[in-house]
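To keep things clear, I will list the structure first and then write my remarks on it.
We did not get these values from a lab; they are worked out from the coordinates using the rules stated. Small disclaimer: the values here were computed from a predicted structure and weren't measured. Note that we place each Cβ from the backbone using ideal geometry, even for glycine, and neighbour counts take in every protein chain shown.
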Amino acid sequence: MNRIQRANCLDQTPSIKTVTLNEIPPTKPTPPDTQPAVSSATIPRSVIAEYGNLKNHAPPAPSAPQVVSIDPAGLVSRGDQLLGMRDVTSARLFYERAAQAGDGQAALRMGMTFDPVFLERSGIRGAQGDPARAISWYDRAAALGNTTAEELKSILTGRTK
């Protein structure tokens with residue numbers, strides 16, 4: 001096909017008419033007073049029988065919030081990783097969350113992050129030791145069944161006397 005034949009083909013294609021917004025006729029919304037009213041007369045009897053009186057029908061109660069399960073061992077493991085990187089503040093967040101879920105190991109580790117003896121032995125610098133908070137966390141760990149907590153508490157209390 002040469003140029004002339006192509007030009008003729010273009011001339012033979014149907015043209016597309018461009019419509020502007022001004023050319024589209026507006027539609028009128030249905031006035032509210034002409035819309036059918038919903039009443040017991042317009043609702044099929046089978047629906048009324050199935051659902052009872054609609055005036056007294058309460059909406060369904062919202063579903064109970066979903067409880068998210070927590071993996072305390074995973075939280076403790078992540079806390080250990082952070083503590084290994086000398087990030088005591090972040091490690092405490094993970095330990096505390098796991099301890100709130102009832103994990104005795106997490107409460108023990110939380111106490112260790114406040115224990116000046118542990119902080120000194122592990123070479124963690126910059127973390128503030130707080131014997132009173134360490135003892136409090138050791139007591140909580142013991143209450144959650146961790147037997148090591150009593151040993152660490154006795155070492156700490158023997159040193160702070």
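Quick notes
- Difference of contour (0.36 nm per residue) and Cα-Cα distance, Gln128 to Ala101: 7.2 nm
- For Ser122, Ser69, Ser154, order by how many other beta-carbon atoms lie within 10 Å, fewest first: Ser69, Ser154, Ser122
- Environment charge at Gly84 (Cβ cut-off 15 Å; Lys +1, Arg +1, Asp -1, Glu -1): +4
- Nonlocal amide H pairs with Asp87, under 5 Å, H built at 1.01 Å: none
- Charge context of Arg140, other residues only, Cβ under 13 angstrom, K/R +1, D/E -1: -1
- With a cut-off of 14 Å on the backbone N, the residues of region 86-112 near the modelled label site 7 Å out from Ala73 along Cα-Cβ are 103-106.
- Within-13-Å neighbourhood charge of Phe94 [Cβ basis; K, R +1; D, E -1]: -1
- Spin-label model, Asp80 to Arg121: label points 7 Å out along the Cα-to-beta-carbon direction sit 1.6 nm apart.
- Packing here is the average count of other Cβ atoms within 10 Å per residue, and on that basis the peptides 96-109, 76-89, highest first, run 96-109, 76-89.
- Computed FRET value (nearest 0.05) for Arg159 with Thr89, which takes r as the C-beta separation and R₀ as 30 Å: 0.80
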